[in-house]
Every structure is written in structure tokens, then in C-alpha cells.
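Engineer: Mind having a look at this structure? Questions to follow.
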Amino acid sequence: MTHNGLRFQVASKWQDSFRRFNQREPGISGLIAFSQAWDTATEFLKPRNINEPLPPREYTEAVRAALDVIHKSRRLPTLIETFLSQVESQFYLIQQEIDQFMIDYALDLDVCVISTMILRIHEWMKQWTPATELGSAFQTVYINFFQTHLFSILPDSFSSAFQDFVASTLPPEEEGEAQKQDPQIWFTFDALGLNDRFDSLIASVGYEHIERHVLETCTGQWGEPMLTPTRDWMTTKIVPWMLYVYGRNARTAEEARAILAGVGSRFDFHMAKTLCDLRTREIFDIIIDFPDSTGALQDLKECLQRVDQRAALVQSLRQAHRKRLLHPGADTKLILSQYVATIKCLRIIDPPGVLLFKVADPIRRYLRDRPDTIRSIVANLVGDDDSGDALVDETEPPRPLQAADIEDYSDPNWEPEPIDAGPDFRANKPSDIISTLVSIYDSKDFFVKELQVLLAQRLLAAGDDQSDKVEKERRNIEILKIRFGEAALQVCEVMLKDMTDSKRIDQHIQSQQASVIHPAIISKHFWPALESSEIVMPGQLKELQDQYMAEFTKFKPDKKLRWLTHLGTVNVELELEDRVIEALVSPLEAAVIELFSEQSEWTLDGISKRLGLPQPNILSKAISTWLDLGVLAPAGEGVYRVLEVSADQGAEAKDHVSRPATTVEVEMPPVVSVQQQQAEQMRVYWKFIEGMLTNLGALPLDRIQTMLKFAPGYDRTITQLAGFMEAARREDLVTVRDGMWKLNK
Amino acid sequence: MEQLTSSLAPPRSNNKSNVAGTPQPAAGSVAKRLSNELMTLMMSSSPGISAFPRNDGNLFDWVGTIEGPAETIYVGLTFRISIAFPPNYPYVAPTIKFETPCYHPNVDINSGAICLDILQDKWSAVYSVQTILISLQSLLGEPNNASPLNPDAASLWDNPEAFKMQVTKHYRPLKDESA
């Protein structure tokens with residue numbers, strides 16, 4: 001039964017198919033007709049080798065009729081399949097050609113080869129395209145098939161070759177050698193589906209071009225903003241190119257604009273990013289060049305709004321600072337001026353100050369650890385002569401120091417903190433530079449103390465032409481008063497007053513009895529601790545001092561004059577046998593040479609005993625000054641003798657005589673520095689620590705810290721205390737066990 | 001009674017102590033006087049005597065240390081005392097007790113109470129912690145046997161060796177622990 005059933009089924013199928021092909025024609029004539037029609041159609045569609053001369057294909061009536069027959073027999077899909085397999089079998093022709101082209105290209109890297117090749121492939125494709133009359137579906141299938149095959153046979157080297165070709169279509173930098181642009185080639189690409197497939201490649205060519213241009217034109221160009229010129233360049237150079245590549249199908253300018261909008265903004269973004277990266281890399285030097293690099297900062301500001309590279313900028317700048325700024329080789333003044341420049345620059349880039357806060361933090365921490373930071377800042381505040389350019393803008397009016405203010409939420413202009421602000425970000429309101437610098441430290445007292453020390457040095461070094469300099473200092477102090485407040489600078493006020501007072505007192509005393517001494521009379525309590533000295537002035541110097549002292553006591557009986565003999569200068573005139581030497585020297589040097597007027601030969605020990613100096617080595621500098629001037633000469637080990645007759649006779653001797661007053665460099669008066677004063681304070685605190693450890697037994701560090709608030713004015717941090725205790729431990733004053741500090745008895 | 005240390009404490013702890021209790025008008029000045037005394041005592045470096053507040057935040061409760069003076073029976077021993085200042089100090093004498101048991105004619109061996117004229121009827125506002133400590137130190141070497149708190153000790157005083165034995169028997173060395 002099954003056998004018969006199967007047979008019946010096959011028979012019915014057969015009959016069915018036969019009827020379909022035969023189209024109810026008598027006999028098998030229908031079948032024959034179909035067979036002929038199939039042959040005609042396949043012959044018509046057959047992909048031919050275009051290298052062979054061929055008659056042009058014509059869509060004749062016969063072909064149409066044949067296709068009609070096939071269509072009626074519902075055999076069109078089979079026809080397409082047959083056609084495609086024919087195409088496939090013919091594809092080796094194209095492959096051969098492509099291989100040949102690629103070999104040619106590999107030889108001389110001429111991009112023309114690529115364009116020829118692409119045009120050639122296109123020709124193949126056109127040649128094989130089924131006639132439009134067959135319907136669009138037929139064509140779509142064909143094109144897809146052709147493209148798929150084409151991509152599969154394109155060698156790996158094609159993509160780089162294609163990239164080179166695309167690059168060659170870019171507008172050249174120089175106007176002269178403008179290449180002929182053939183918009184047709186882009187249509188060919190489109191037809192072959194190359195545009196879609198190599199879209200990212202084409203874009204990358206564009207990106208690279210832009211990158212190159214930006215790097216070439218903008219690197220190191222900080223004076224002017226480069227963003228606008230670069231955008232102009234994009235408009236004149238890149239946009240026409242983009243029109244070919246992306247906007248070729250646009251019929252109107254409107255359409256082109258719509259098409260280009262998306263890709264254009266991608267290109268613009270890339271340009272901004274490249275510029276931003278470049279400026280980020282250069283940021284440290286840009287800051288150094290400030291204010292000549294304002295243009296670059298403007299660029300950076302605009303770019304940062306376009307691309308989110310703020311974190312990268314912070315990173316880069318912090319790294320640069322770590323590498324180039326915050327190391328022992330950098331001068332504190334340099335760090336400070338760079339910090340100030342950084343503040344100014346980042347204010348331009350990012351007015352809310354988030355970037356600045358992030359970047360400034362390491363600098364501030366570093367500066368806090370430097371011992372001479374305060375001194376540098378203060379020296380700058382008072383406008384020290386030797387400090388190159390001032391950190392402070394002279395045109396900026398001095399303002400009082402600003403304390404970090406609490407946020408005022410009732411402020412109608414209140415804005416939330418920027419989104420990338422850290423948790424401990426303090427809105428740095430546009431305060432002035434000095435406030436920012438002073439705020440490196442927790443307390444401005446350090447500054448005031450250092451200021452006193454500095455002022456003391458400068459006033460004492462003022463020398464004879466005091467009034468001018470004192471006036472200048474007074475002006476400085478007045479300005480600083482606005483910043484630090486009247487009360488903080490009262491001591492400085494007294495110091496300045498001392499200077500004018502001593503001038504007045506001196507005038508009075510001179511009127512009573514003329515003296516060559518013009519002392520600066522300072523009030524001990526208001527001046528920073530000055531190093532005392534035990535020099536006993538010899539001979540006439542002593543007499544002069546005593547005379548002056550006597551007059552002073554007459555004038556002010558309730559006051560006592562105590563000489564700081566090692567400070568000041570002495571103008572001496574030495575009369576020797578053959579010459580007269582004038583020199584401006586330190587008191588110690590004067591004292592030394594005065595001794596030689598008593599006897600012509602002295603030993604080093606003898607001098608030091610006579611002057612009351614415990615260490616003879618301090619003398620060596622004073623001695624060497626006179627040796628240099630040719631007044632003294634060594635006479636044996638540690639013995640010196642006056643050269644009454646100059647050692648170098650003749651013409652040179654005359655030079656000596658006529659030599660103008662030799663000015664010996666006078667050093668800054670040694671004022672006990674803030675650090676030393678701090679050590680002094682720490683000694684007081686040590687008494688307290690000793691007291692508490694004696695009475696309360698062993699204590700942990702934090703307990704000592706809290707107990708130390710019984711000590712007046714204690715303001716150390718626990719870290720400082722730890723350092724101090726550690727130092728005490730090294731001196732075996734205390735021991736520590738399990739964090740408990742104990743007196744070492 | 002919450003003591004005030006407003007003149008010394010930094011602002012944050014200041015708030016805390018201000019919350020409780022009505023501030024006595026004189027408390028601030030008492031604290032100031034005590035902190036001055038502390039400063040003087042710390043800087044004076046008198047040998048063998050010392051004192052310091054027991055806790056931060058309370059200037060009215062001190063711990064003192066007295067070393068037995070040389071050439072007395074107490075040489076080599078260290079005594080700890082407690083000093084409690086009344087709120088109306090210095091018009092009233094501070095309460096002072098030996099924390100280390102001290103066998104002494106004028107010291108109660110159990111409570112540590114001291115019989116010393118300047119701490120009772122002879123007190124004057126010009127005395128200070130330092131003068132009290134010096135007086136106590138000298139009291140160790142020169143007891144007032146006329147008004148003994150510890151009659152046994154008073155009677156034993158003339159026999160230095162037996163006395164020394166009693167002292168050593170009662171004495172306990174200081175432990176090094178925070179108060």
C-alpha cells in the first residue's frame with residue numbers, strides 16, 4: 001500500500017509541475033517554450049567578462065517575453081538564484097584584477113591606482129547589473145550579493161590603501177597644489193557600499209587630519225585664542241571635504257546642512273578634544289607664561305565646556321607640579337609665584353574654583369611644610385627689593401584679609417557647588433591673592449610675627465639714610481594694616497616709632513655733645529629677640545660709646561642704654577704710613593683694627609680675649625676683611641701684623657690711596673627667627689608636660705594634648721606635639737610604652 | 001557643680017560647660033587665678049614639689065607630688081596628694097589630702113587629712129599652691145608635735161629608727177597610671 005501511495009504522490013506532483021510548465025499547451029510545446037525562455041533569460045543575465053569585446057546588452061522583446069514565461073511559471077526566484085551563482089562563479093575575474101591592482105599599489109603607493117581600481121570594480125558591477133526592467137527587488141538582491149562578495153575578496157591591505165586614498169582626497173594645507181576633486185568617486189564608493197563599510201575609517205582619516213592640523217598650528221601658540229582660527233579652518237577646509245564624503249546626496253544647501261550637522265559636531269568635538277588634550281599637556285608651561293598665555297587659557301575654558309576633561313586637567317597639572325615644582329630643588333619664591341599664577345590661570349578657566357581647589361591642595365600642603373614659606377610671603381608683602389616680581393598686583397587695592405565665610409542660603413544669587421566639587425571643597429570666593437596665601441596657614445599670627453622679624457632686620461639695616469627707608473617701611477605697614485588689622489601690627493608701629501624717636505633723641509644728644517655715634521634706640525619689649533653679643537669695644541670706640549651713654553642718661557634718666565655692639569656699621573679711616581684707607585665695616589671689624597692701633601701685632605687669641613669673644617673663629621672673617629684690604633698681614637701661626645707700608649709698592653700703591661671708601665657688605669642683622677621663638681615657647685610647654693607627667697603618671701599623647709591647653713597660648717597640633725615628644729624621647733627625657741608617655745627618671 | 005574654665009578652654013568645650021549650671025560670677029576669675037598659679041608653678045621649677053590639674057576641663061581638682069626632703073626620714077619617698085579648690089578660692093583654703101599613706105604626726109594615716117595651720121585658721125589669700133607645697137614639704141621634716149593627728153607617730157618621732165620603720169611599713173610607692 002505504501003508503495004502505491006508513494007507512487008501516486010510522485011505522479012501527482014509530476015503532473016502538477018508539468019502542467020505548470022506546460023501552461024496547458026498541447027503536448028509538450030509549453031515545456032519547450034519555457035525551456036527556450038529560460039535559455040534566453042539566463043543568456044541575457046549572464047555576467048560577462050568585460051575585458052572581452054561584447055555586443056551591448058539589449059532588453060529586447062524576446063527577452064521580455066522569455067521573462068514573462070518564467071514569471072508565469074513562477075520560476076523567477078530560481079532564475080535569480082541561478083543568476084547569482086553565475087555571478088559568484090565569475091567573481092574570480094574581479095578578484096584577479098583587484099589582486100593585480102593591489103600589487104601595483106604596493107609597488108609605488110600611488111593612490112591613483114586605488115581610485116582606478118574602484119572605478120573598475122564599479123564598472124564590473126554595472127556590467128553585471130540586471131536590467132532595471134526586472135524590478136528593483138531583483139537589483140537589490142544583486143547589489144547586496146555583489147557587495148558581500150566584494151568585501152569578502154578584498155585583501156587586508158585594502159583598508160590601509162583605502163585610508164591613504166581617502167587621506168589624499170583631503171584638502172591640502174597649502175593652497176597651491178590643490179588636487180582635482182572628483183565628486184564622482186564618492187558616488188562610486190557609495191554604489192559599491194564602501195562608504196558604509198568603511199565609515200569609521202573615513203571618519204578616522206578626518207580625525208587624524210584635524211589632529212595633525214591642531215598639533216601643528218596650536219602647539220606653543222598661547223598668545224591668541226586658537227579655537228576660533230581652527231574652527232575657521234574647519235569651515236574652509238574640512239567642510240567642503242565633508243560635503244563630498246557625507247553630503248553628496250544632498251540636493252539643497254538646507255539638506256546638506258542637516259546631513260552634516262551630526263557628523264560636523266562629531267568633528268568639532270574631536271577638534272575641541274584634541275586642542276583640550278594639547279593644552280592639558282602644556283598647562284604647566286602655560287601657567288609659567290601667564291599672562292602672555294591668556295589666549296590658551298581662553299581656549300581651554302571653551303574646550304572644557306565642550307569636552308569633559310576637567311579631571312584630566314587636574315591630573316595633569318598635579319602631576320606636573322609634583323614633578324617640576326614641589327621638590328627641594330625649587331625655590332620657595334618660585335613655588336609661590338607659580339602658585340599665584342596657577343590661581344590666576346585657573347580662575348580664568350574655571351571661575352567657581354573647583355579645579356583650583358583640587359590643584360592647589362598639594363601645593364598648599366607642601367608650602368606649609370617649607371620652613372621659609374612665611375618669610376617669602378612676608379618678604380613679598382613688604383616688597384623686598386631683591387624679590388624679582390611681586391606676587392601681588394600693585395594695582396589691586398589692598399583689602400582686609402577675608403575669612404572663609406559660611407554659605408549664605410538666603411542669598412538670591414546663591415548657586416550650588418559645582419558637580420565635581422569634593423566634600424571638603426570650600427567655595428573660594430574671588431578673594432585676593434594675599435588672603436589666599438595667608439590662608440595656607442591656620443593663623444595669621446605666624447605672618448605677623450615673621451613680619452616683625454623682617455621689619456626689625458630691615459630697619460636695623462637701614463643705615464645712615466634712614467628717613468627714606470623708614471618712610472617706605474611705614475607706608476608698607478600702613479598697607480598691611482588694612483590687611484591684617486590695626487591691632488595685629490601695633491608692635492610694628494612701635495618699632496617704626498622707635499626709629500623716628502631715636503633720630504630725635506640723637507639730634508638732641510648731638511646738640512649737647514657732638515658724637516660720631518648715631519644709634520638706633522629700640523624698645524626691647526617690642527622688638528623681636530635680637531641676638532646679644534658680648535663684644536667689648538676697645539679704645540676710642542669704647543670712649544665714644546661711654547660719652548654717648550652719659551649724654552643719654554642725662555636726657556632720659558629713667559632709661560638705660562644697652563649697646564648691641566655687633567649691629568650697625570662703622571665708617572673708619574685708617575692713617576697708615578704711606579696711605580689712608582677708608583672703609584665701611586662692621587663694628588667687629590672696626591674693633592679688631594682699633595686694637596692694632598695699640599700695638600702692631602696681635603695673636604688671634606689675644607684679640608678674642610680682649611674683645612670678650614669666647615670663640616676666636618668668629619674673628620676670622622673680620623681679620624680676612626683687613627687682609628683683603630691689605631691692612632693686615634699674617635705673621636706666623638695665628639699672628640697678624642699691621643702693614644704700615646703697603647706690600648705692593650709703586651703705582652699700585654697709589655691706587656690704594658685714591659681708592660674710594662670701600663664698602664664691605666653688611667649682613668642682615670641677626671634677629672632670632674620665628675622658628676627659634678617657637679622653640680623657646682616649646683620649652684615652656686615642656687615644663688607643663690613635665691608637670692603633668694610627674695603628677696598624673698604615664699599619659700597617652702592625646703591626653704597630653706588636651707591637658708596642654710592649661711598652658712597659655714598653646715596652639716600646636718597633635719602632630720607637632722608628637723614630633724616634639726619624639727625629640728624629647730631621643731634626649732632620654734621621656735620614654736614611651738604602648739602609647740603611654742612617661743618621664744624618664 | 002559644673003566648674004567653669006571659660007578663660008582657658010577653647011571655644012568648643014566652652015559651650016559644653018556653659019550649658020549646665022548657672023555660672024558663678026567669680027568662677028572665671030578663680031579659674032584665671034588658678035591658671036596663673038599653674039603657670040607660675042610650672043615655670044618656677046622648685047625641686048621636689050609639683051602639681052597639675054587632674055583632668056582637662058577642671059581646674060579645681062589638682063594632683064600634687066611631694067618628694068621627701070633630703071636629710072629627713074622621708075628622703076627618697078614620693079608622696080602624692082590631692083588638692084581640691086573651693087569655688088571661692090583663694091578666700092578659702094583648698095582641701096589637701098595625702099593620697100599616698102603617710103606616717104606623720106600631723107597626717108591622718110587613714111584619711112590622709114593634714115593638720116597644718118596655714119591650711120586652716122592661718123590661711124590667707126596670698127598663699128598659693130606653690131607656698132602650700134613648700135610648707136608641706138618642710139612639714140615632713142619638721143612636724144608640729146603639739147597638735148598631732150597621729151599621736152602614735154608624734155610619740156615615736158624622737159626615735160628615728162622606729163619611726164623610719166613605721167614610715168616604710170605604711171608607705172606604698174606611686175603607681176604610674178593616669179589619674
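The values are calculated or read from the model by the stated rules, or taken from the named source; none is laboratory data. Since the structure is predicted, the reported quantities are computational estimates derived from the model, not experimental observations. Counting neighbours? That spans all protein chains shown, and the Cβs are built from the backbone with ideal geometry, glycine included. Accessible surface is based on the protein model in full, side chains and every heavy atom, while ligands, DNA and RNA are left aside. Shrake-Rupley method; radii C 1.70, N 1.55, O 1.52, S 1.80 Å.
Engineer: Give me the inter-chain shielding for A:693-706: mean count of other chain Cβ atoms within 10 Å, whole number please. Walk me through the numbers before you get to the answer.
Structural biologist: Numbers: counts 4, 11, 14, 11, 9, 4, 4, 1, 0, 0, 3, 1, 1, 6.
Averaged over the peptide's residues, the number is 5.
Engineer: While we're looking at this one, here's another question. Can you check what the net charge comes to around residue B:38, using other residues whose Cβ is under 15 Å from the Cβ of residue B:38 (Lys, Arg +1; Asp, Glu -1)? Provide the component values of the computation, followed by the final result.
Structural biologist: Numbers: positive: A:687, A:709, B:32, B:33, B:54; negative: A:690, B:37, B:56, B:61.
That sum, taken over residues with Cβ under 15 Å, equals +1.
Engineer: Determine, from the Cβ-Cβ distance of residue A:74 and residue A:100 and an R0 of 51 Å, the FRET efficiency 1/(1 + (r/R0)^6), rounded to the nearest 0.05. Write out the running numbers ahead of the final one.
Structural biologist: Numbers: r = 43 Å, r/R0 = 0.84.
That pair, residue A:74 with residue A:100, gives E of 0.75.
Engineer: Turning to a different aspect of this structure: If the cut-off is a Cα-Cα distance under 26 Å, which lysines reach residue A:46, setting aside same-chain residues fewer than 8 apart in sequence?
Structural biologist: Partners found: A:72, A:126.
Engineer: Something else about it: Want the number for residue A:60 to residue A:311: 0.36 nm per residue separation, take away the alpha-carbon distance, what's left? Kindly include the intermediate steps, with their values, before the conclusion.
Structural biologist: Values: separation 251, 0.36 × 251 = 90.36 nm, distance 7.07 nm.
Separation in residues times 0.36 nm, less the Cα-Cα distance, equals 83.3 nm.
Engineer: Here is a further query. Counting Lys and Arg as +1 and Asp and Glu as -1, what is the net charge of the other residues whose Cβ lies under 10 Å from the Cβ of residue A:318? Present the calculation step by step, with values, prior to reporting the outcome.
Structural biologist: Numbers: positive: A:322, A:323, A:358; negative: A:361.
So the environment of residue A:318 carries a net charge of +2.
Engineer: Using only the Cα atoms, what convex hull volume per residue in Å³ does region A:445-528 have?
Structural biologist: Numbers: hull volume 7.2 nm³, N = 84.
So the per-residue Cα hull volume is 85 Å³.
Engineer: By average Cβ neighbour count within 10 Å, what is the ranking of A:323-334, A:575-586, A:449-460 from highest down? Could you put the intermediate results ahead of the total?
Structural biologist: On the way: A:323-334: 13.8, A:575-586: 16.0, A:449-460: 22.4.
In descending order of packing, they fall as A:449-460, A:575-586, A:323-334.
Engineer: Once both labels are modelled 7 Å past Cα along the beta-carbon direction, what's the residue A:604-residue A:546 spacing in nm?
Structural biologist: 3.1 nm
Engineer: Quote the FRET efficiency, to the nearest 0.05, computed for residue A:93 versus residue A:415 with a Förster distance R0 of 51 Å and r equal to the Cβ-Cβ distance. Show your work: numbers first, answer last.
Structural biologist: Details: r = 70 Å, r/R0 = 1.38.
Computed FRET efficiency for residue A:93 and residue A:415 comes out at 0.15.
Engineer: Take peptide A:683-691, look around each residue's Cβ out to 10 angstrom, count Cβ atoms belonging to other protein chains, and average those counts.
Structural biologist: The shielding value for this peptide is 4.
Engineer: Residue A:635 to residue A:684: extension gain in nm, 0.36 nm per residue of separation minus the Cα-Cα distance?
Structural biologist: Numbers: separation 49, 0.36 × 49 = 17.64 nm, distance 4.99 nm.
Roughly 12.7 nm would be gained on extension.
Engineer: With +1 assigned to the C-beta of every Lys and Arg and -1 to the C-beta of every Asp and Glu, and no other charges, what is the dipole magnitude of region A:177-292 about the Cα centre in debye, to the nearest 20?
Structural biologist: Result for region A:177-292 is approximately 420 debye, rounded to the nearest 20.
Engineer: Also, quick follow-up: In nanometres, what is the gap between the two model label sites at residue B:44 and residue A:253, each 7 Å from Cα along Cα-to-Cβ?
Structural biologist: Result for the modelled spin labels: 9.9 nm.
Engineer: Next up: Distance cut-off 30 Å, Cα to Cα: go down the list A:333/A:469; A:358/A:472; A:469/A:609; A:609/A:687 and report the pairs above it.
Structural biologist: Working: A:333/A:469 24 Å; A:358/A:472 38 Å; A:469/A:609 37 Å; A:609/A:687 37 Å.
Check vs 30 Å cut-off fails for A:358/A:472; A:469/A:609; A:609/A:687.
Engineer: Turning to a different aspect of this structure: Treat each spin label as a single point 7 Å out from the Cα along the C-beta direction, and report the residue A:217 to residue A:36 distance in nm.
Structural biologist: It works out to 7.1 nm between the two label points.
Engineer: Tell me, what ³J(HN,Hα) does each residue in region A:135-145 have, in order and in whole Hz, if you take phi through Karplus 6.51 cos²θ - 1.76 cosθ + 1.60 with θ = phi - 60° and put x for Gly and Pro?
Structural biologist: x, 5, 4, 4, 5, 4, 4, 4, 4, 4, 4
Engineer: Please calculate how many Å² of accessible area region A:198-308 carries per residue, with a 1.4 Å probe and no DNA, RNA or ligand atoms counted.
Structural biologist: Working: 5130 Å² over 111 residues.
It amounts to 46 Å² per residue over region A:198-308.
Engineer: Given a Förster distance of 51 Å, report the FRET efficiency between residue A:13 and residue A:109 from their Cβ-Cβ distance, rounded to the nearest 0.05.
Structural biologist: Details: r = 62 Å, r/R0 = 1.21.
According to the calculation, E is roughly 0.25.
Engineer: May I pose another question? Would you mind calculating the gained length between residue A:644 and residue A:555 on full extension (0.36 nm times residue separation, minus the Cα-Cα distance), in nm to one decimal? It would help to have the intermediate numbers written out before the result.
Structural biologist: Details: separation 89, 0.36 × 89 = 32.04 nm, distance 4.19 nm.
Gain in length upon complete extension: 27.8 nm.
Engineer: Taking the Cβ of residue A:97 as the center, what net charge do the other residues with Cβ under 11 Å away carry, scoring Lys and Arg +1 and Asp and Glu -1? It would help to have the intermediate numbers written out before the result.
Structural biologist: Values: positive: A:120; negative: A:99, A:104, A:123.
Within the 11 Å Cβ shell, the charges total -2.
Engineer: While we're looking at this one, here's another question. I'd like the carbon and sulfur percentage of the solvent accessible area for region A:86-150, probe radius 1.4 Å, heavy atoms only, ligands and nucleic acids excluded.
Structural biologist: On the way: 1770 of 3210 Å².
That share works out to 55 percent.
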